[in-house]
Amino acid sequence: MTQQSPKVAVVTGATSGIGLEVTRLLAGRGHRVFLCARTEDGVTRTVKELLDEGLEVDGAPCDVRSRDDVGRFVRQAVDRFGTIDVLVNNAGRSGGGITADITDDLWYDVIDTNLNSVFLMTREVLTTGGMRGKDRGRIINIASTAGKQGVVLGAPYSASKHGVVGFTKALGNELAPTGITVNAVCPGYVETPMAQRVRQGYAAAYDTTEDAILEKFQAKIPLGRYSTPEEVAGLVGYLASDSAASITSQALNVCGGLGNF
């Protein structure tokens with residue numbers, strides 16, 4: 001007998017960019033989605049926007065770097081919608097520069113935000129969130145093509161995303177006998193608010209314009225353009241579906257051909 005589609009999803013970093021489109025897609029397919037971001041205003045605004053679209057969503061602020069915040073957030077999700085079937089670890093930040101000049105605070109914050117948060121949220125969803133007791137579940141981590149190759153002036157970011165890919169593969173193999181799948185989605189260049197900040201950083205580092213950086217980046221992409229948040233969300237939606245039940249421990253690119261790896 002075919003398992004029914006999961007009904008409760010949690011999406012982190014869900015008020016803009018990829019996270020917002022993932023939330024919109026999953027909710028549009030009948031999931032009840034509980035979302036988070038750091039600010040209460042952002043969560044309230046996004047929940048209202050999606051409710052106005054007729055989607056069943058709710059959320060709460062959460063600093064994914066904080067074990068206490070993560071624990072509280074997952075309890076709120078379960079209280080609101082029930083045990084969790086799908087977790088999308090999307091919250092993240094950019095960060096880099098000349099490696100010899102990177103401060104301790106920047107390094108640790110990138111690792112805490114992009115990697116340690118994935119562990120904290122995943123552990124909490126498996127336990128408090130009730131996923132470990134199910135015979136089916138989906139954990140989908142938003143990594144990056146920078147998690148498969150080194151990025152110049154992006155050592156903290158690249159290191160954190162390599163960690164996400166490694167965590168995904170290890171946990172996927174560990175949980176495979178339970179029916180819970182674990183996969184990473186690896187976007188390349190995606191047009192989001194974070195991408196704009198990245199271009200600003202490179203423009204400052206190379207003493208050039210953001211337009212020049214955009215042109216340089218697009219020239220590296222075989223498709224000749226950035227991917228869209230909706231295109232990344234499409235792969236997340238597939239991995240959350242019943243059709244993807246035999247896909248686990250994978251790191252799959254959405255990058256316009258940027259990375260053949």
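Assorted remarks:
- Flag for V151 being outside any loop (DSSP other than H, G, I, E, B), in contact with a Ser or Thr (Cβ under 9 Å, 6 or more places away or on another chain) and either at pLDDT 95 or above or not aromatic (F, W, Y) (or both): no
- Scope segment 125-143; condition in a helix (DSSP H, G or I) and either under 18 Å from the mean Cα position of the chain (by Cα) or modelled with pLDDT under 95 (or both); matching residues: V125, L126, G133
- If you go through segment 9-44 and pick out every residue that is part of a loop (DSSP other than H, G, I, E, B), more than 14 Å from the chain's Cα centre (by Cα) and at negative phi, you end up with 4.
- Residues of segment 213-248 that turn out to be on the phi > 0 side of the Ramachandran plot and either touching a Ser or Thr at 6+ places or on another chain (Cβ under 7 Å) or without any contact (Cβ under 8 Å) to a residue 24 or more places away in the chain (or both), as a count: 0
- Hits in segment 121-157 (condition: touching a residue at least 12 places away in the same chain (Cβ under 8 Å), among the charged types (D, E, K, R) and within 20 Å of A91 (Cα to Cα)): E124, R138, K148
- Scanning segment 249-261 for residues that are touching a residue at least 24 places away in the same chain (Cβ under 8 Å) and part of a loop (DSSP other than H, G, I, E, B) yields S249, Q250, C255, G256, G257, L258, G259, F261.
- Subset tally (residues that are assigned to a helix (DSSP H, G or I), farther than 26 Å from V152 by Cβ and out of contact with any helix residue (DSSP H, G or I) (no Cβ under 8 Å at 6 or more places or on another chain)) for segment 74-118: 7
- Test for V47: is it assigned to a helix (DSSP H, G or I), surrounded by fewer than 22 Cβ atoms within 10 Å (Cβ to Cβ) and either in contact with a helix residue (DSSP H, G or I) (Cβ under 6 Å, 6 or more places away or on another chain) or free of Cβ contacts under 8 Å to residues at least 60 places away in the same chain (or both): yes
The values are calculated or read from the model by the stated rules, or taken from the named source; none is laboratory data. Worth saying up front: this structure is predicted, and the values here are computed from it rather than measured. Here the Cβ is made from the backbone with ideal geometry for all residues, glycine too, and neighbour counts use every protein chain on show.
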